[in-house]
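This is the structure I have questions about; it appears just below.
The values are calculated or read from the model by the stated rules, or taken from the named source; none is laboratory data. Keep in mind that this is a model prediction, so the values were computed, not measured. Counting neighbours? That spans all protein chains shown, and the Cβs are built from the backbone with ideal geometry, glycine included. Each accessible area value is taken on the protein alone, full model and side chains, heavy atoms only, with ligands, DNA and RNA left out. Shrake-Rupley method; radii C 1.70, N 1.55, O 1.52, S 1.80 Å.
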Amino acid sequence: MATTKTFTYSHTIGFLAATGRGFTNPVDMAINSQGVLYVLNRAGPETSVRLPSKRVTMCTVDEQWLGEWGTGGHGDGEFWWPSSIAIDSQDRVYIADEGLQRVSSFDKDGTFLNQWGVKGTEDGQLEYPSSIAFDSEENLWLTDSGNHRVQKFTKEGKFISAWGKRGSESGEFQGPWGLALTETGDVYISDWGNDRIQRYDTDGVLIEEFGGLPEGDAIHRPAGLAVDGEGNIYVADWGNERVKVLGSDGRLLASLRGESVDSTWAADYFGVNPEEGQLRTEADLFPELDPPARRDREISAGVEGYFWGPSAVKLDGEGRLIVVDSLRHRLQIFQIN
């Protein structure tokens, strides 16, 4: 049984860019069978100048930019509050949208294929879908955050089942966000409003819950999460501006704050904009903030290397942890030791 886990910061992908080689408030990402990273950019607020930034960026883990597709709007294949992205066995891309209450599907190049979903509280209807994931049978699972439940669909959008209700008791939810499925059939949910992770079987029977950690280690407003083959849980601890790693028994194995330096994309930009590059060189990216007792959010806002608004975590199957660092418009990559 692991007693701790260690991580080595590898590199960063991205920086702020309205379009092109960069990100704008990325909220989630997925990896296809060819190793292509699809990064979902939410890019609020919803103004005309921001709409082209609501897009999917395609790149590789070694920072090769492959292109982008999508735009903001209410039409077929457009995005308003895109929240989650998942990829099926045929490399088709699925995107959940909290604003439009629907799931849209695309081919690997971003060509629109289909969409489904309608706002409501009945079975199969949606209210702020926040995370989606495929199981081994290609069923699409979804955290229906506004309805405080989990739903299961075929990937064509046919309703299969739903469970959960609003509350703080075991087996209840307050705005569930993250969703992770294991090969053994377990369903892990990050219960945002109740500051905990819950583990279920595929029929919605609660197995256990995690979150009763000592003060200082406790999870606050958990967002996206991932689970490895040993049952270790990686969670974007949004409220604490960290990534927490829990063992299969719920013990804290690691707490990451972020260690980012400039990405290659950012360095290239500053290379052709030398005045900005000079200011960047002179800036203190890891200042000692006074007083030290400031809230974590204020500290992360002032220390650029730290996570600021971590919204999703992914394991790439190659021993890497990828953190979607939303308010810093980047991905931070760590090697799992």
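For q = 0.25 Å⁻¹, what log10 I(q)/I(0) does region 1-57 give under the Debye formula with an equal point scatterer on each alpha carbon and no solvent?
-1.00
For region 35-107, what is the largest minus smallest coordinate of the Cα atoms on each principal axis, given in angstrom and ordered from greatest to least?
That gives 32, 24, 16 Å along the principal axes, largest extent first.
Using only alpha carbons, build the gyration tensor for region 62-138 and give me the equivalent ellipsoid semi-axes, biggest first, whole Å.
Square roots of five times the eigenvalues give 22, 16, 11 Å.
Taking the Cβ of Ala254 as the centre, find all other residues whose Cβ is under 9 Å away and add up their charges (Lys, Arg: +1; Asp, Glu: -1).
Once positives and negatives cancel, what remains is +2.
First check a/c for region 123-213, with a ≥ b ≥ c the square roots of the eigenvalues of its C-alpha gyration tensor; if it is under 1.5, answer rounded, and if not, answer prolate when a/b is larger than b/c or oblate otherwise. Spell out each step's value before the answer.
On the way: a/c = 1.94, a/b = 1.31, b/c = 1.47.
Verdict is oblate for region 123-213.
As a test of reading the structure, rank Tyr188, Tyr9 by solvent-accessible area (1.4 Å probe, protein chains only), most first.
Ranking Tyr188, Tyr9 by accessible area, largest first, yields Tyr9, Tyr188.
Accessible area, 1.4 Å probe, largest first: how do Met29, Met58 sort?
Accessible-area ranking of Met29, Met58, largest first: Met58, Met29.
Answer with one residue from Ser161, Gln64, Ile233: the one whose Cα lies farthest towards the positive end of the charge dipole of the chain, charges on Cβ with Lys, Arg +1 and Asp, Glu -1.
Ser161
Now for a different question. Might you work out the accessible area of His220 for me, using a 1.4 Å probe with all protein chains in place, and round it to the nearest 10 Å²?
Solvent-accessible area, nearest 10 Å²: 70 Å².
A further question follows. Under a GNM of the chain (C-alpha, springs under 10 Å), which listed residue has the highest mean-square fluctuation: Gly167, Gly216, Gly229?
Taking springs between Cα atoms under 10 Å, the residue moving most is Gly216.
Another question about this same structure. Where does the charge balance sit around Gly67 when Lys and Arg score +1, Asp and Glu -1, over other residues with C-beta under 12 Å from its C-beta?
Here the count lands on +1.
Tell me, what is the per residue accessible area of the chain in Å², probe radius 1.4 Å? Please list the in-between numbers first.
Numbers: 14530 Å² over 337 residues.
In whole numbers, the chain has 43 Å² accessible per residue.
If you don't mind, there's one more thing I want to ask. Per 10 Å bin, what is the whole-percent P(r) computed from every C-alpha pair distance within region 1-151?
In whole percents, the pair-distance histogram is 11, 39, 33, 14, 3, 0.
Given springs between every Cα pair under 10 Å in a Gaussian network model of the chain, which of Glu156, Glu209, Glu137 has the largest fluctuation?
Glu137
Could you list which residues have their amide H under 5 Å from that of Ser161, counting only those 5 or more apart in sequence or on another chain, with H placed in the peptide plane?
Lys152
How much accessible surface area, in Å² rounded to 10, belongs to the heavy atoms of Asp201 with a 1.4 Å probe?
50
Find out how many positive minus negative residues lie around Asp88, taking Lys and Arg as positive, Asp and Glu as negative, among other residues whose Cβ is under 13 Å from that of Asp88. The partial results should precede the final answer.
Numbers: positive: Arg92, Lys108, Lys155; negative: Asp91, Asp107, Asp135, Glu137, Glu138, Glu156.
Taking every Cβ under 13 Å from that of Asp88, the sum is -3.
Could you work out, for the chain, what percent of all Cα-Cα pairs fall into each 20 Å distance bin, beginning at 0 Å and stopping at the bin that holds the largest distance?
Using 20 Å bins, I get a P(r) of 32, 60, 8 for the chain.
Which residue fluctuates the most in the chain, going by a Gaussian network model with Cα springs under 10 Å, if the choices are Leu66, Leu140, Leu16?
Leu66
Okay, moving on. Using only the alpha carbons of region 195-281, determine the length spanned along each of the three principal axes and report them from longest to shortest in whole angstroms.
Principal-axis extents of the Cα atoms in region 195-281, largest first: 58, 30, 20 Å.
On the accessible surface of the chain, probed at 1.4 Å, how many percent belong to carbon and sulfur atoms?
About 48 percent, which is the carbon plus sulfur part of the accessible surface.
How many angstrom separate the Cα center of region 168-206 from the Cα center of region 229-268?
The distance from the Cα centre of region 168-206 to that of region 229-268 comes to 19 Å.
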